[in-house]
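Trainee: Provided herewith is a single structure, encoded as structure tokens, for subsequent inquiry.
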Amino acid sequence: QMCIRDRLLCVLRPYFWPTGGWNRARVLSTWVALAISKGANILAPLYFGAAVNSLKDRDLTDTVQQLVAYAFLKFANSAFKEGQSLVYLKVKQQAGFEMQQLALKHMLLLSYDWHVSKQLGQV
């Protein structure tokens, strides 16, 4: 059980903690963008509720301020989600490359008899 989990984590490691300082900085900034996005997503409905309550009290200046804050938070949520995707794109590319290298290395380490016995390409 423990061995399987360790092997799986070893294979998936490039996606969570890739090689290279810039890629690691990208992963950390992805987590920061995710936290900001989720925080904005949680706070937005609270401002909308406050806007509805201030509208009920007929306080239009407070209503407008709350609605502007709500719109800003909704925009921040979307913007940070998109930013997260853009920043993480290079990490995914590098991780895919590392996974391809790992698969090729594994294939090359297999015995000649294994390759011959597979009869790949025959109909």
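The values are calculated or read from the model by the stated rules, or taken from the named source; none is laboratory data. Treat the numbers as computed from the prediction; the structure is a model and nothing was measured. Cβ: placed from backbone, ideal geometry, glycine included. Neighbour counts: every protein chain shown. Only protein heavy atoms, including side chains, enter the accessible area calculation; ligands, DNA and RNA are left aside. Shrake-Rupley method; radii C 1.70, N 1.55, O 1.52, S 1.80 Å.
Trainee: Please work out if Leu73 is on the phi < 0 side of the Ramachandran plot and either in contact with a Phe, Trp or Tyr (Cβ under 9 Å, 6 or more places away or on another chain) or touching a residue at least 40 places away in the same chain (Cβ under 8 Å) (or both). Working first, answer last.
Mentor: Numbers: on the phi < 0 side of the Ramachandran plot: yes; either in contact with a Phe, Trp or Tyr (Cβ under 9 Å, 6 or more places away or on another chain) or touching a residue at least 40 places away in the same chain (Cβ under 8 Å) (or both): yes.
In short, yes.
Trainee: Do we find that Thr61 is surrounded by fewer than 17 Cβ atoms within 10 Å (Cβ to Cβ), in contact (Cβ under 8 Å) with a residue 12 or more places away in the chain and either under 30 Å from Gln101 (Cα atoms) or not aliphatic (A, V, I, L, M) (or both) in this structure?
Mentor: Details: surrounded by fewer than 17 Cβ atoms within 10 Å (Cβ to Cβ): yes; in contact (Cβ under 8 Å) with a residue 12 or more places away in the chain: no; either under 30 Å from Gln101 (Cα atoms) or not aliphatic (A, V, I, L, M) (or both): yes.
Against the criterion (surrounded by fewer than 17 Cβ atoms within 10 Å (Cβ to Cβ), in contact (Cβ under 8 Å) with a residue 12 or more places away in the chain and either under 30 Å from Gln101 (Cα atoms) or not aliphatic (A, V, I, L, M) (or both)), Thr61 does not qualify.
Residue by residue, here is whether (1) open to solvent by less than 100 Å² (accessible area, probe 1.4 Å); (2) within 21 Å of Ala25 (Cβ to Cβ); (3) hydroxyl-bearing (Ser, Thr, Tyr) holds:
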site: Leu46; (1), (2), (3): no, no, no
site: Asn53; (1), (2), (3): yes, no, no
site: Val68; (1), (2), (3): yes, no, no
site: Ala76; (1), (2), (3): yes, no, no
site: Glu82; (1), (2), (3): no, yes, no
site: Glu98; (1), (2), (3): yes, yes, no
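Trainee: Please enumerate the residues belonging to the stretch 1-34 that are assigned to a helix (DSSP H, G or I) and more than 18 Å from Leu89 (Cα to Cα).
Mentor: Met2, Cys3, Ile4, Arg5, Asp6, Arg7, Leu8, Leu9, Cys10, Val11
Trainee: Only residues in the stretch 8-30 that are under 14 Å from Glu98 (Cα atoms) count as the first member; pair them with residues that are open to solvent by less than 80 Å² (accessible area, probe 1.4 Å) and modelled with pLDDT under 80, Cβ under 9 angstrom, at least 6 apart or cross-chain, and list the lot.
Mentor: Asn23/Pro14
Trainee: Failed condition for Leu34, given (1) closer than 30 Å to His106 by Cβ; (2) open to solvent by less than 60 Å² (accessible area, probe 1.4 Å), with all others met?
Mentor: Status for Leu34: all satisfied but (1).
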